[in-house]
Every structure is written in C-alpha cells, then in structure tokens.
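Take a look at the structure below.
The values are calculated or read from the model by the stated rules, or taken from the named source; none is laboratory data. In this text the structure is predicted, and so the values were computed from the model without any measurement. Positions of Cβ are generated from backbone atoms using ideal geometry, with glycine treated the same way; all protein chains shown enter the neighbour counts.
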C-alpha cells in the first residue's frame, strides 16, 4: 500500500468512527405531565391587560413574553396565569425576547375534553409540531418541553375547535444561562470537515510525489 493510499484509508476510517460516535439529536421533546427541569418560575401577577403581556423569571429576571391574537389578561390574584379578556383563550406564543431557552412547563385549563396543537421553534427558526395532543376538561393538563438539540426561540399552542382554554398557568422556563456551551457550535470536527482536510492531505502527498519524481 502506497503512502497516499494509507493516508486516504486512515482518513476514511476516522470519518466513519466519528460519525458513528456522534450523538443523534432528537430536537424538541414533549412530555405529558409536570417534569421539573433546571428551570425558574415565571412571575405574572401583574393585573395587566394587553397583547403582548410580559412576565419575568424569578431568578434571572429575564422578560417572558406572552403573545396572542386577542387581548390577554394577567390576573393579580391567585396562581400566576394568562387568560383571554373574552374568557376563551385559543392561541398563545411564549418567548424570552433576546434569549433562547431549554425547557418550558405549563398547565392548560380547558373548557372541555379535546385536543391542542403545539409548535416548538428552535433558534434556526425550524418548527417541530405536536398535533392533536389531548387535554381534559377537568384542568391539570401539564406539559413539559425539553430539547435534545438546539435551544427554543419560542413555543406556541392553538386549541382545536371547539375546545377553548379558561387559562394557561404555572409557567416554568429553563433559561440555560449557564449552559451556553451546550447549545453552541460543537468544537469537535464534523465528518465532512475531516474528509475535506484528509482530501487536502492526499492532494499534498500526490504533488510531493510528482515533484520527487521530476528531480
């Protein structure tokens, strides 16, 4: 086996090994129920009315935005929650302006048994949809979003007719302030990059061989 052939073989083996050892990312994950993460409570007992409404995380003090297609209310008494001014909440989008997040927990209080559609958007703007997720009309419909890939930019839900929500409440968000390294670009060379480097090495070896042959 020539030197150039050996280099090519080594590069191929290294690329295959790296590809096999690389983690497989599932992206957004929806778990039915209250599954606590490294997260914070969202403070929302403001008594404000409007669209959007703003809350804050109780530890890092980040703004949490609640956006809808109608006027919202954040009652100033009882459990922090978001309601529609007309009493029928059908759509809500949750985000941290200027920041991404790694998890979200919320509880939906439905008017009757039915389904809800969720859309979880990552920081590349790609949406993962969870359609026809069951909700019960007796309340306590907890949902937990986590990610095995990019962080979230925002998460939204839309109720399916004829279901409406009395409110959405008990929001908890994992801001990931101390985990930026985990959601940033990987420092490990990707297989394609490794192949390109290897191809360059093979080319250099070939040119050196031709030069030696001409001397």
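At least 1 residues that are touching a helix residue (DSSP H, G or I) at 6+ places or on another chain (Cβ under 8 Å) in each: list the strands (runs of 3 or more DSSP E) lying fully within segment 89-172 that qualify. Per the criteria, no element qualifies. Going residue by residue through segment 117-124, is there one that turns out to be surrounded by 13 or more Cβ atoms within 10 Å (Cβ to Cβ) and closer than 25 Å to residue 49 by Cβ? Scanning segment 117-124 turns up no residue that is surrounded by 13 or more Cβ atoms within 10 Å (Cβ to Cβ) and closer than 25 Å to residue 49 by Cβ. Among the residues of segment 174-190, is there at least one that is within 23 Å of the chain's Cα centre (by Cα) and at pLDDT 90 or above? Yes - at least one qualifying residue is present in segment 174-190.
Yes/no per residue for (1) farther than 22 Å from residue 95 by Cβ; (2) loosely packed, with under 14 Cβ neighbours inside 10 Å; (3) out of contact with any strand residue (DSSP E or B) (no Cβ under 7 Å at 6 or more places or on another chain); (4) at pLDDT below 50:
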{"residue": "4", "(1), (2), (3), (4)": "yes, no, yes, no"}
{"residue": "15", "(1), (2), (3), (4)": "yes, no, yes, yes"}
{"residue": "22", "(1), (2), (3), (4)": "yes, yes, yes, yes"}
{"residue": "37", "(1), (2), (3), (4)": "no, no, no, no"}
{"residue": "43", "(1), (2), (3), (4)": "no, no, no, no"}
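Within segment 59-87, restricting attention to residues that are part of a loop (DSSP other than H, G, I, E, B) and surrounded by 15 or more Cβ atoms within 10 Å (Cβ to Cβ), which residue is modelled with the lowest pLDDT? Once the filter is applied, the top-ranked residue is 80.
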